[in-house]
Structure formats: C-alpha cells, structure tokens
1. Which one of L141, L40, F28 has its Cα pushed farthest toward the positive end of the charge dipole of the chain, where Lys and Arg give +1 and Asp and Glu give -1 at the Cβ?
2. Most exposed first by the Cβ proxy, i.e. fewest other Cβ within 10 Å, how do V97, V117, V84 rank?
3. If you stretched the chain out fully between S164 and T17, how much longer would it get, using 0.36 nm times the residue separation minus the C-alpha to C-alpha distance?
4. Once the Cα atoms of helix 22-44 and of the chain are each reduced to a long axis, what angle between those two axes, in degrees from 0 to 90 to the nearest 10, is obtained?
5. Do the alpha carbons of any pairs in K129/K188; K103/K225; K93/K134 sit beyond 31 Å of each other, and which pairs?
6. Placing +1 at every Lys and Arg Cβ and -1 at every Asp and Glu Cβ, with all other atoms neutral, what dipole size does the chain have around its Cα centre, in debye to the nearest 20?
7. For Kirkwood radius over Cα pairs in Å, the listed values are [x] 23.4; [y] 22.6; [z] 20.0; which was obtained by calculation from the structure presented?
8. Pairing rule first: another cysteine's C-beta must sit under 4.7 Å. Under that rule, which cysteines of the chain stay single?
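Derivation of every value follows stated rules applied to the coordinates shown; laboratory data play no part. Because the structure is a prediction, the values reported are computed rather than measured. Cβ atoms come from the backbone with ideal geometry, glycine included; neighbour counts cover every protein chain shown.
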Amino acid sequence: MEDPIVPFDLMRMFFGTDPALFYLEIVFRTFVIYAYALLLIRWVGGRGIAQMSVVEFLLVIALGSAVGDAMFYPEVPILHAMLVITIVVLINKFLDVLIFQYKPIEEIIDGVTSEVVSDGVINMETLRKSKLGKSELFEGLREQGYVNLGAVRQAYLESSGRLSTFRARPPRPGLPIEPAWSVCPPEKFGPGTVVTGTGAACCKCGTVIQDSGRTLTACPRCGNKTWTHAVLAEQYGS
C-alpha cells in the first residue's frame, strides 16, 4: 500500500520522490527525444507557425504529448516514445501526399476559401457555414484599417482562418464598423424612414440604398428591417 500523500510537502512538490540521479536521466531523455523529433520535423518540412495547415497543427499537438511524456516520466521507455513520434510523422507525410494528389481530400482536410464580403455587402451564407460572427468579421476588417464596409471590394475567409481583403477604388458609402458597435452603436432606424445624404445601410448584411427620397422597407437582400446611415471613409478623415 502506497504511503498517503502529505499536502504541501515542499520536498515532494519541488524535488519529487525519485533518486537524485534521475535528474541526469531527464537531461539525457530530453536530448534524445528532442534531437529525434527535430530530425523528423526537418524531414517532414513544413511552414512557419503563421502558415501551419490543419495537418501540421495536429502534428504539433500529437508530438507535444509524445515528446513531453518521454522526457520526464520514468515509466515511459524512450523507444516507445520514438515509435509514437515516427508513426505520427509518417501519418502526417502520408496525408501530405494525399492532399497534394487529390483536390477533394485537400478540401476536406484543409478546407476551402470562401467569399465573405462582396462589393461592401456581407455574404450571410458564408457567415452561417463558417460559424463566423459579424463582430469577428468587423474586428478582422478594423485590424486592416477599414472603417466601413463600402471600402471593401472583396474579402475572403481563407482556409487557414485568416481574412484577405481588397479595397474598393474609389471607396463607397457603406455600413460603419468603426468605432466598434459595442463601444458606440450606430444610430438605427426602421421601415418608413426616407433616404437622405449618403444613403442607408442594412445593419445585417450592409446593403446600401442611395436613392434619395426613397422610403425604406425591408432589406431587399436579407429581409432585415433595421437600417443605419451609410458612411464614407472620407467622413473619418481617412
């Protein structure tokens, strides 16, 4: 029967119960596992952290457990860990070959690029399928210097999860996204309002109505009935 654990035993917490020589074994294990993992990673190749694919990301997660456990758990043999690392890397290499040769497999594993904004209007179907919230989209656009959707000619949600955007030349009136709505929500109005100035923008998809004197009803694109003033980037001094 094992001895009961004594709470807040500083010797156990900091030094453990293994022989002092085991610290030297940890050093040896770490060097061996690290060198072997580095060798296989170099063989696999791969891109920078910001460019990691889904397969490479899974490789990092799987290797993290296999490598870490063998470094300091005495009951984990080094050869067992090396076998796990080898199998994980071979699976990764096999998937890379499949992705390179078969487009459908590439789309299943890595995903596809989707159009999220076109001519200043949000593709609501893309948001729904990708589980991307409007606040996340607006945040990504603000990070790239956009203050309204009218300045966005095209925006794509890449398979990596990043947002690629292209500016409209010249910029057009559009749904304001800066300041953030949680900080300063735009003035909203509903059906029956008469369009004036730079027009009205649908608060849901960003569709802009510029027909001066027109009475607003529901958005012709998404059916939303909440509108706000469409703004130009120049109005912000940009």
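1. L141
2. V97, V84, V117
3. Details: separation 147, 0.36 × 147 = 52.92 nm, distance 5.36 nm.
Separation in residues times 0.36 nm, less the Cα-Cα distance, equals 47.6 nm.
4. Helix 22-44 sits at roughly 50 degrees to that axis.
5. Numbers: K129/K188 27 Å; K103/K225 41 Å; K93/K134 37 Å.
Violating the 31 Å Cα-Cα cut-off are K103/K225; K93/K134.
6. 1300
7. [y]
8. Here C184, C203 come out as lacking a disulfide-compatible partner, given the Cβ-Cβ threshold of under 4.7 Å.
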